[in-house]
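The values are calculated or read from the model by the stated rules, or taken from the named source; none is laboratory data. Please read these numbers as outputs of a predicted model, since none were measured by experiment. In this analysis, Cβ positions are derived from the backbone assuming ideal geometry, glycine residues included, and neighbour counts consider all displayed protein chains.
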Amino acid sequence: MTATEADWRHLAGAVTGPVFAPGQPGPGTPFNRRFAGTVPAGGVAVTGVEDVRRTLAWARDTGTGVSIRGGGHSFAGYSTGTGLVLDVGALNAVTADGETGLVTAAGGALMSDVYTALQPHEMAFALGNGDSVGIAGLTLGGGNGATSRKFGLTADALVATTLVTADGEVVRCDARENADLFWACRGGGGGNFGVTTSLTFRARPVRDCSTYLLLWHVADAPKVFSVLQETVRTAPDEFAARIGVATTGDGTVVSAIGQHLGPAAELREILDPVLAVARPFRCDVDDRTFWEAKDFLRHETAAGAFATRTAFTREALPDDAVATLLSWLERWPGSGNPDGGGAALFSWGGEVNRVPAADTAFPHRDARFLLSMDTSWDEHDEPGVVRANLGWLTGLQEALAPYTSGGAYLNFTDPDRADWRTAYYGANYPRLLEIKRRLDPDGLFAFEQGIGRDDR
């Protein structure tokens, strides 16, 4: 059944937020321009919970599928779809209580909104490093940040959340009330179980810290990867690292960037081994306030299209794996996107791995690193360039697969992954599927890698 023009007029009269009918500009374009051709039937920018309930009732009555848009950062373009886009971006209020450490964010709040509320109270929890990333999507997919080895995942800080389910019921859940749904909301993915309208977190006090940015020429890559991976193994939980190598076709750079929840003097001691074996051409190690560090680590992806593949490693990548990675970078096919192609190891472990894999929906609790591999192109590049980049990324992933433990990070969603159920959710998928079938038996919230998709 397709919603008629009269149906859309009825929706516009039922909600207070603006309705974007077919043919009108919608509430936002995909963050990943690879999916710029996806055209929704229409959209609603909701202004409150009642708008959400009325929109879902309309979608049920008209048989229109619903995509939920918060920050809109889905790597796979799942923040939009061919049905109705329900945009919660106007629900962005955040309150923080310095006495209790509790932080409550509305479902459309962005990282910038959350940080603004946290800073006066000098407290935080693990958050992303992009200002426009939505707190709901980050949390529902797990959420790993520069402080995760000390603070755990974003989802681990969640103490309560409220959703509007497919039948329009407003459901609050925590460890005691609707505990199964609360379990699913900590790593079960956005857009699966309902529209998240509120999330409450427990924050921790923060203090001044230090950051670093180190850059090397590609010849130093083997030594840098070897020593820094060992550094992560032996460093305290306060230390975090992203060890990367990237090419734009004009040159290849090796990088390490991260944060230490301690002074720069301690950080320099931690980094001494790698500085001793490979002298960087840029070396920035400084004391900063926690909030200066947050700004220093901010990352914004260049405009354009991209694809990302992920895996986890339980051990350091050996020298032959690094050599394989470097050989593939030499074969990057090129594109019109200045982000180029590359790979990075994100430090894992610490507090993240102290949570049993079945205690939350997020199963990846035994890794040392998250390995992320990516390539990018301009949306105006020729189809052959796109095919070459995707083929290159597949080849890189397959070449490094023998060195990984499998799995994939849900928040770096890969729409080309066929084994996404086990890759994202591991042994937790059957329980998630049971919860999905109970809460959304008719599949109102449906997308290509949505829980329950083709599982009937």
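Run ASP374 past the list (1) of a type outside the set (Gly, Ala, Ser); (2) buried (at least 21 other Cβ atoms within 10 Å of the Cβ); (3) closer than 21 Å to ARG69 by Cα and report the number of the one that doesn't hold. For ASP374, the exception is condition (3).
Matching residues to (1) closer than 19 Å to GLY13 by Cα; (2) not in a loop (DSSP other than H, G, I, E, B):
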position	(1), (2)
PRO40	no, no
VAL44	yes, yes
THR47	yes, no
ARG53	yes, yes
ARG60	yes, yes
ILE68	no, yes
GLY71	no, no
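Scanning segment 421-451 for residues that are aliphatic (A, V, I, L, M) and loosely packed, with under 14 Cβ neighbours inside 10 Å turns up just one, ALA427. Can you find a residue in segment 215-237 that is under 25 Å from the mean Cα position of the chain (by Cα), assigned to a strand (DSSP E or B) and crowded, with 19+ Cβ neighbours inside 10 Å? Scanning segment 215-237, I find no residue that is under 25 Å from the mean Cα position of the chain (by Cα), assigned to a strand (DSSP E or B) and crowded, with 19+ Cβ neighbours inside 10 Å, so the answer is no.
Annotation note: of PRO280, PRO263, the sole residue that is touching a helix residue (DSSP H, G or I) at 6+ places or on another chain (Cβ under 9 Å), in contact (Cβ under 8 Å) with a residue 12 or more places away in the chain and not polar (S, T, N, Q) is PRO280.
In the set (1) buried (at least 19 other Cβ atoms within 10 Å of the Cβ); (2) in a strand (DSSP E or B); (3) without any contact (Cβ under 8 Å) to a residue 24 or more places away in the chain, VAL114 fails one condition alone, (2).
Rundown of residues vs (1) in contact (Cβ under 8 Å) with a residue 60 or more places away in the chain; (2) part of a strand (DSSP E or B); (3) not assigned by TED's automatic domain parsing to the domain that holds PHE296, yes/no style:
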{"site": "THR104", "(1), (2), (3)": "yes, yes, yes"}
{"site": "GLY108", "(1), (2), (3)": "no, no, yes"}
{"site": "LEU118", "(1), (2), (3)": "yes, no, yes"}
{"site": "ARG149", "(1), (2), (3)": "yes, no, yes"}
{"site": "GLY168", "(1), (2), (3)": "yes, no, yes"}
{"site": "GLU177", "(1), (2), (3)": "no, no, yes"}
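Taken together, the residues in segment 128-144 that are at pLDDT 95 or above and part of a loop (DSSP other than H, G, I, E, B) amount to 4. Against the numbered list (1) under 21 Å from THR162 (Cα atoms); (2) under 23 Å from the mean Cα position of the chain (by Cα); (3) outside any loop (DSSP other than H, G, I, E, B), ARG34 comes up short only at (1). For segment 269-348, the strands (runs of 3 or more DSSP E) that sit wholly inside it and include 3 or more residues that are buried (at least 16 other Cβ atoms within 10 Å of the Cβ) and aliphatic (A, V, I, L, M) are 305-313, 341-347. For ALA36, the criteria (1) crowded, with 17+ Cβ neighbours inside 10 Å; (2) over 30 Å from GLU292 (Cα atoms); (3) of a type in the set (A, V, I, L, M, F, W, C) hold in every case but one, which is (1). As a summary of the residue check, ASP51 satisfies the conditions (1) acidic (Asp, Glu); (2) under 17 Å from THR196 (Cα atoms); (3) surrounded by fewer than 21 Cβ atoms within 10 Å (Cβ to Cβ) except for the one numbered (3). Between ALA14, ALA41, ALA3, ALA45, the distinction of being of a type outside the set (D, E, K, R), at pLDDT 90 or above and closer than 14 Å to GLY65 by Cα belongs to ALA41 only. List every residue pair whose Cβ atoms sit under 6 Å apart, with the two residues 6 or more apart in sequence or on different chains, where the first one lies in segment 393-412 and is at pLDDT below 95 and the second, anywhere, is surrounded by fewer than 18 Cβ atoms within 10 Å (Cβ to Cβ). Taking only residues 6 or more apart or on different chains, the pairs are SER405/ARG314.
Residue count for segment 76-100, restricted to those that are assigned to a strand (DSSP E or B) and touching a helix residue (DSSP H, G or I) at 6+ places or on another chain (Cβ under 9 Å): 5.
Each row is one residue, and each column tells you yes or no for (1) in contact with a helix residue (DSSP H, G or I) (Cβ under 7 Å, 6 or more places away or on another chain); (2) under 14 Å from VAL245 (Cα atoms); (3) not aromatic (Phe, Trp, Tyr).
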residue	(1), (2), (3)
LEU326	yes, yes, yes
TRP332	yes, yes, no
SER335	yes, no, yes
PRO356	no, no, yes
PHE369	no, no, no
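Among all residues of segment 381-397, there is none that is under 19 Å from the mean Cα position of the chain (by Cα), under 24 Å from SER335 (Cβ atoms) and among the acidic types (Asp, Glu).
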